[in-house]
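The values are calculated or read from the model by the stated rules, or taken from the named source; none is laboratory data. Keep in mind it's a predicted model, so treat the numbers as computed, not measured. Virtual Cβ from ideal backbone geometry, glycine too; neighbours counted across all protein chains shown.
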């Protein structure tokens with residue numbers, strides 16, 4: 001049995017896989033006559049290849065039980081994919097660099113208020129809610145062609161311990 005390392009999610013540590021979406025030190029400016037702050041340019045959306053169009057939706061993820069066996073990873077070779085929890089709640093992110101097969105899988109535990117935007121072709125695990133069902137705003141590519149590769153990993157016997 002191999003354990004997948006899990007670390008806190010930061011912009012620097014996640015940069016090889018995409019963007020961390022959080023207010024933090026993001027560029028912002030005042031709007032609406034001073035009653036709101038606009039945080040801008042938080043993620044590099046990549047959705048238009050081969051007549052793709054932006055798709056905005058909500059996904060409800062059920063909580064997972066730990067320890068958790070990593071049974072599969074997926075990637076989107078033609079686009080990015082963004083997930084932002086609609087309630088400030090942490091979740092777990094598993095990623096691997098773009099390659100033919102997912103290798104060197106690493107985990108990140110988000111802090112409440114963080115979302116992620118997976119870069120094109122980045123391997124990632126389906127959503128992992130921690131303590132309770134969580135709704136996520138999702139922005140990804142809509143098109144008639146396929147844009148999701150999945151690979152089974154049960155044979156590797158990879159596990160995430162208690163979070």
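Key figures
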{"item": "Residues within the range 115-124 that are crowded, with 24+ Cβ neighbours inside 10 Å and farther than 12 Å from residue 14 by Cα, tallied", "result": "1"}
{"item": "Residue check for residue 103: closer than 15 Å to residue 17 by Cα, at pLDDT below 95 and more than 11 Å from the chain's Cα centre (by Cα)", "result": "yes"}
{"item": "Among (1) in contact with a helix residue (DSSP H, G or I) (Cβ under 8 Å, 6 or more places away or on another chain); (2) at pLDDT 95 or above, the one test that residue 38 misses", "result": "(1)"}
{"item": "Among (1) closer than 29 Å to residue 133 by Cβ; (2) touching a strand residue (DSSP E or B) at 6+ places or on another chain (Cβ under 9 Å) - the single one residue 65 does not satisfy", "result": "(2)"}
{"item": "Filtered residues of the range 68-114 (kept if in contact with a helix residue (DSSP H, G or I) (Cβ under 7 Å, 6 or more places away or on another chain) and crowded, with 21+ Cβ neighbours inside 10 Å)", "result": "79, 108"}
{"item": "Residue in the range 128-152 that is nearest to the chain's Cα centre (by Cα), counting only those that are surrounded by 14 or more Cβ atoms within 10 Å (Cβ to Cβ) and within 20 Å of residue 7 (Cβ to Cβ)", "result": "128"}
